[in-house]
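First comes the structure, then the notes that go with it.
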Amino acid sequence: MKARYQHFRNYHQEQRLTKFRLLAAFLFVLVLSGVLIARLFFLQVVEHELYQTKADENRVMLVTEPPPRGLIYDRNGVVLADNRAIHSLTVIPERVKSFDELKLTLQNIIEISDAEWESFHNRLKEYRRPYQSITLKSQLTDEEWAKISVDLYKLDGVRVEDQLTRFYPHGEAFVHAIGYVGRITKKDLEKVDQQAYQGALFIGKTGVEGFYEDELFGSPGLSKVEVNARGRIMSELGRQNPTPGKDLHLHLDARLQQYAYDLLGDYVGSVVALDPSTGGVLALVSKPGFDPNWFVRGISSKNYSLLRNSPKLPLFNRALRGGYPPASTIKPFMALSGLEYGFASWSERYFAGGYYQINPGGRRYRDWKREGHGLIDLERSIIESVDTYYYQLAHKMGITPIHNFLSRFGFGQTTLLDLHGGSVGLLPSNEWKKAKYNEPWYTGDSLNIGIGQGYMVATPVQVAAATSALAGRGRYYQPRMVDTIGDESVNFEGAGEEKKIQLKDSRNWEKMVVAMKKVITDSKGTARRLQGTQYDIAGKTGTGQVFSLQEDEEYDADALAKKLHDHALFIGFAPAEKPKITVFAIFENGGKSSKPADLSKKLFDAYLYDDYPEKYNYLKGKAE
Amino acid sequence: MRGSLYSRALAFTNARLWQLTHIDVLLIGSLLLLIGGGLFVLYSASGQNEAMVERQVFRLGLGMLFCLALAQLPPKYMRRASPILFVFITMLLIGVLLFGVGAKGAQRWLSLPGGLRFQPSELMKIFMPMMIAWYFSDRPLPPSFKQILVVLVLIATPVLLIAKQPDLGTSLIVAVSGIFVLFLAGLGWRYILGAAALAPIAGYSLWQVMHDYQKQRVMTFLNPESDPLGSGWNIIQSKTAIGSGGVQGKGWLEGTQAQLDFLPESHTDFIIAVFAEEFGLIGCSVLILSYLLVIARGLYIAANAEDNYARLLAGSLTLTFFVYMFVNIGMVSGILPVVGVPLPLISYGGTSIITIMATFGILMSIQTHKRAR
C-alpha cells in the first residue's frame, strides 16, 4: 500500500492493479449477465403461460357473425316480417382523423342529411366495441352506391357494408301485433348474451318480434380471427357458421288484420279476432298504428316526438293495454253469474222501468231507454240490453260473487300469452277498493259493475277471450299469437292448455248463445241491423260511457264534442252453432254500437266465406 | 477439440497478415456473428422491410470502415489528441444547447452545412474515456483524492450538458464510460462503497432535475399496469413478447407480438423483445454469450495493453459496450426503467452503430500496435 506514495512509479504494480480491476469487472459482467438470463428465465419459463395467454388475448379475437333473423308469416304464409339486403355507408370512427373533414368530403359525393349526422354522433357516444363500424347512411340507392363506390378508396375508415335489415312490408296495420326490431342499445345488451349479439344490429323490441327474440335471433356464427394491434383482421383461424333464426307462423290472418284496420276508418279503436277453438289471434288491431320500418332505419327525434305527442297515441297498443269499460258487453257474463249463484233464472219475470233505485226516493240509475222495456225475462234483458235488469241483479248479488265469477273468464287477470306489456285490466272487489281508496264497497258501485261501468276496466284482448269462452261453451283459451316455431308447435305448457269453465247447469251455455243470437234476429234486438246473413251470428252490443250523465240529463249526441261521445263496442262470434271466429271491436267515441257491429259482420263474412274486397288479394297467401 | 480450435484461432490472429492490417480476428469474428444475427432479427422486427435492412447494412459497413480506419491509427496519437477532442466536443455540447435542433422535445443535434446533422453527445461516449485515460496516463495509479475530484468534474461537465438536452440514456453511458476508467485506475474500494451508500441521495437529486417524461418513465417502470394503454404499454407488450417466446421461441418471423405490431419500437430500442419472442430463452442465451465473447476479447485486449492509457481506455470502452447491452435488455425485460439505450449492433439506428464500431477500431489498434517484445 505504501507504493501509492512513492516518487518513482512501479509500472508493474500499476499494471497488476488494473488487471485485477479488469478481472473484477469481468466477474461483475458475468454476474449481471446471469441476472439477465435469470430474468429471461423467469419470463420465458416460469411465467411463460401467463404471457402466452396475454399474447393470444392480444391477437386472437372472436368475431360473431349475426345470423339471419327468422321470418314471420301469417296463417296463410304471407310474409309479415322480412329480411332485406341493403347497402349502408358505415364509418369506423377510430380510423377517421376528423369528422368535419369527412363531412366536407362526403358532401361532394352523396347527400347526407343533418339528421343522419346527428344520429351518427349520438351512436358514437353509445356503447360499442373498438373498431366496430357505425352506420352513417343506411339504404343507399343504387345511384348513391355507385357514386360512393368510386371514391371509397380515398376515404379512410369509410365502407359500404351489405347488411340484412328487417323490413315490414305491410306497415302500420300490423305494428301492434308484430312489433318491430330496433337498434340494439346498451340497455338491451344487459338483458342478452353480449357475446351472441356482437355484430348484431337489431333486437326485437315489441310485439312478436320482442317476445320471440331468442327464437327469431338464432345463434351467431363465430369466427376466430387474428388481428393486429390496430384491430385489422389479418387471418381467420377457424369458424362456425351461424344458425339462422327460426321462422314463426302466426295464427294471424293478414287479410283479416288489414281489413279490420281499414274498417275502423278514421276512428281510433281496436279490433281483436280470435279462433275460439284454439285461442289463436286472427287479428290484433290497434288504430292508429305507425310504420315500424321507421324504427328499423332509426327514427329521427323529430318524427319520434311527433308520434309520442300525437293526441291519437299511435304508439299505444290499445288491443293489449287499452283499459275500457266493457259496458253492456258484460251482460251475458253477468247473466251467467246470476244463474250460477241462483240470483236469476230464465223463467223469472222482471218489470223494467226507465230507472232503478236502491232505496225509494234515492238516486235513479237510468236505463238507456227512457221509457223502459216493460215486463221482461232474462233472455230479453240480453236481447234489448236492459240496464235496469242488471242493476237489480248486481244489487242482489253484491260484488263478491260477481268478482269470483267474472275472474273465471279472465277479467282482471289474463293477457296475451306471448306478447309482453299487456295490461290485466281491473276487476274490482271489496278488498281492492279498501286497499286503493280506503273506502267500503257501496251498493252503487255494484250497480255500475252490473252494466260494465264504474271501476271495471278490461282490455280488448280480455273481452275477446271471454267471448271466445262463450262461443266455446265454456272452453277458455288464453289468446296467443304464434302457432308454430320452425316446424314445431309452440308449447306454452300449462298456460296454453284449454281451461274448462264449469257451470252448475251446463245448458246455460247454449241458452245464452240463443239469447245472443236473438240480439241480431229479434225485431227489438240491439244488433238487428246485422240480420240477413246465411249463417247465425251471436253477439252483444255495448256503449261505454266516457262521462257520467247527470241524473236527468238528456243524452244529446250532436251537442257533444266528438271526444266525449260514448265508446261503441260489439262482441260476437259466428257461426253461432260451431263458432270459428270471435270478434271484439271498439270504436273510441264511436257513439252508437252500429259501427263495431257492422265491422264485425264484415269480418265474419270475410273470414267465413272469403268475402273480402278484391284489393286485399295481395295478402291472400295460399288461402283457398 | 474446443481447445485446439481456440489455439488455432489464436495462431491465426498472430499471423503476420492480421498484424499488418491491424485486424483482430477474434474480435471482428465475434462482432460479425452479432451483426449477422442482428440483421436477421431486424428483418423480422421491421416487418420484413428489406429497404430498412439495406440501410442498416450500409450503416454497419460505414461503421466497419471507421473501425478499420481507426485500427490503423496508433494509440499514441489518440492519446495526444484526447484532451483537444474532449474540450472541442464539450464546446459543441454547449453549442447544441444554444443552437441545436430538436426532435421529440429534445435538442441533440447540430445542423451542418449541406443538410447534415450531427450529434456531439454520441462522440462523447468515446472521448470521455479517452480524456480520463489521458489524465491518468502520466500520473501514478491508484489516483489520489484530489485527482478523483478533478476526474469527477471532468466527467460531470459533459454529462450534465447532455442530460440537459435532455438525453438521459446517452448521459448515463457517457458517465459510466468515465467512471469505468476511474474504477480501472484503482479507485479505492472505500470510495466505491461510499458512493454506493450515497446512491439514494444521488437518486433523489437526479429525480429533482429530471424532466416530467423521464419521471413518467420511472413511474411506469415501477408499475407498468398503472397506465396500460399509455406509457405502460411498451413494457407490458415487451414482457408479453419475451414471456410468450418460451424456451424455444415461436420461430423466425413467427412472433405474433412483433408481426402484428403489438410491440412498439420493435426495430429500435425494443428489438430484443422480438428476438426473445422468436428465438426463446435458448436464442437469448446464445445472444448474451455472443456479447460476452466480444466483451471477453475486449477485456483480454485491455489486460494485455501496452500502457496505462491503452489499458484504461480499452477496458472502459469494453465495459461501456456491456452497459449498453445490460441496460437495454434490462429495460426491455422490465428490471430497469426505460431509458433510450439501443441494443448495440442490433437495434436499427444511425449514430450509435458508427460510434460502437469505432470503439472496436480503437480496441484493435491497441491490440495490434504493440511494440514487439
(message) For a test of the definition: using alpha carbon positions, the gyration tensor, and the 1.5 limit on a/c, classify the stretch A:333-405 as rounded, prolate or oblate.
(response) oblate
(request) Provide the FRET efficiency to the nearest 0.05 for the A:S219-A:D487 pair, computing r from the beta carbons and using R0 = 22 Å. (result) 0.80
(message) Modelling each spin label as a point 7 Å along the Cα-to-Cβ direction, I'd like the A:R84/A:Y442 distance in nm, to one decimal.
(response) 5.8
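Using r as the Cβ-Cβ distance of A:L315 and A:E348, and R0 as 35 Å, what FRET efficiency do you calculate, to the nearest 0.05?
0.10
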(message) At R0 = 56 Å, how high is the FRET efficiency between B:R80 and A:L30 if r is their beta carbon distance? Nearest 0.05 is fine.
(response) 0.95
(message) Let me confirm the definition first: pairs of Lys residues in the stretch A:231-367, 8 or more apart or on different chains, C-alpha distance under 30 Å. How many are there?
(response) 6
(request) Take every DSSP beta bridge with both residues inside the stretch A:62-250 and express the antiparallel ones as a percent of the total, to the nearest 5. (result) 95
(request) For the stretch B:139-156, just list the computed ³J(HN,Hα) in residue order, Karplus coefficients 6.51, -1.76 and 1.60, θ = phi - 60°, integers in Hz, with x standing in for Gly and Pro. (result) 10, x, 9, x, x, 7, 4, 4, 4, 4, 4, 4, 4, 4, 5, 4, 6, 5
(request) Evaluate the Debye formula for chain B with equal point scatterers sitting on the alpha carbons, no solvent, and hand back log10 of I(q)/I(0) at q = 0.06, 0.09, 0.12, 0.15 Å⁻¹, in q order, two decimals. (result) -0.23, -0.53, -0.98, -1.47
(request) Pick out, from A:H170, A:Y390, B:W189, the residue whose Cα sits farthest towards the positive end of the charge dipole of the protein assembly as shown, with +1 on the Cβ of Lys and Arg and -1 on the Cβ of Asp and Glu. (result) B:W189
(request) Obtain the nm distance between the two label points defined at B:Y191 and A:L164 by a simple spin-label model: each point lies 7 Å from its Cα along the Cα-to-C-beta direction. (result) 8.1
(request) For the stretch B:299-307, take each phi angle, set θ = phi - 60°, evaluate the Karplus expression 6.51 cos²θ - 1.76 cosθ + 1.60, and give the result in whole Hz per residue in order, putting x for glycine and proline. (result) 5, 5, 4, 4, 4, 9, 5, 7, 9
(message) Once you place label points 7 Å from the Cα toward the Cβ at A:L189 and A:T53, how far apart are they in nm?
(response) 2.4
(request) Taking every Cα atom in chain A, find the radius of gyration and the maximum pairwise distance Dmax, and write them in Å. (result) 36.5, 152
(request) Cross-chain or 8 or more residues apart, Cα under 21 Å: how many lysine pairs in the stretch A:563-624 fit that? Count them up, please. (result) 14
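Nearest 5 is fine: what % of DSSP beta bridges in the protein assembly as shown come out antiparallel, could you say?
95
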(message) With Kirkwood's inverse mean 1/r over C-alpha pairs for Rh, give me the Rg to Rh ratio of the stretch A:1-136, two decimals please.
(response) 1.49
(request) Could you give me the radius of gyration and the Dmax of the stretch A:320-446, taking only the C-alpha atoms into account and expressing both in angstrom? (result) 15.8, 51
(request) Check cross-link reach from B:K164 to the lysines: straight Cα distance under 22 Å, and skip same-chain residues fewer than eight apart. (result) B:K104, B:K125, B:K215
(message) Neighbour counts of other C-beta atoms within 10 Å: give me A:D262, B:D167, B:D307, A:D156 arranged from fewest to most.
(response) A:D156, A:D262, B:D307, B:D167
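Given an 8 Å cut-off on Cα distances and at least 6 residues of separation, report the relative contact order of the stretch A:62-250 as a percent. List each step's numbers first, then the result.
On the way: 329 pairs, mean separation 69.2, N = 189.
37 percent.
A short reminder: the numbers here are calculations on the coordinates, not readings from a lab. What you are looking at is a predicted structure, and each value in this text was computed from that prediction instead of being measured. Note that each Cβ is placed from the backbone with ideal geometry, even for glycine, and that neighbours are counted across all protein chains shown.
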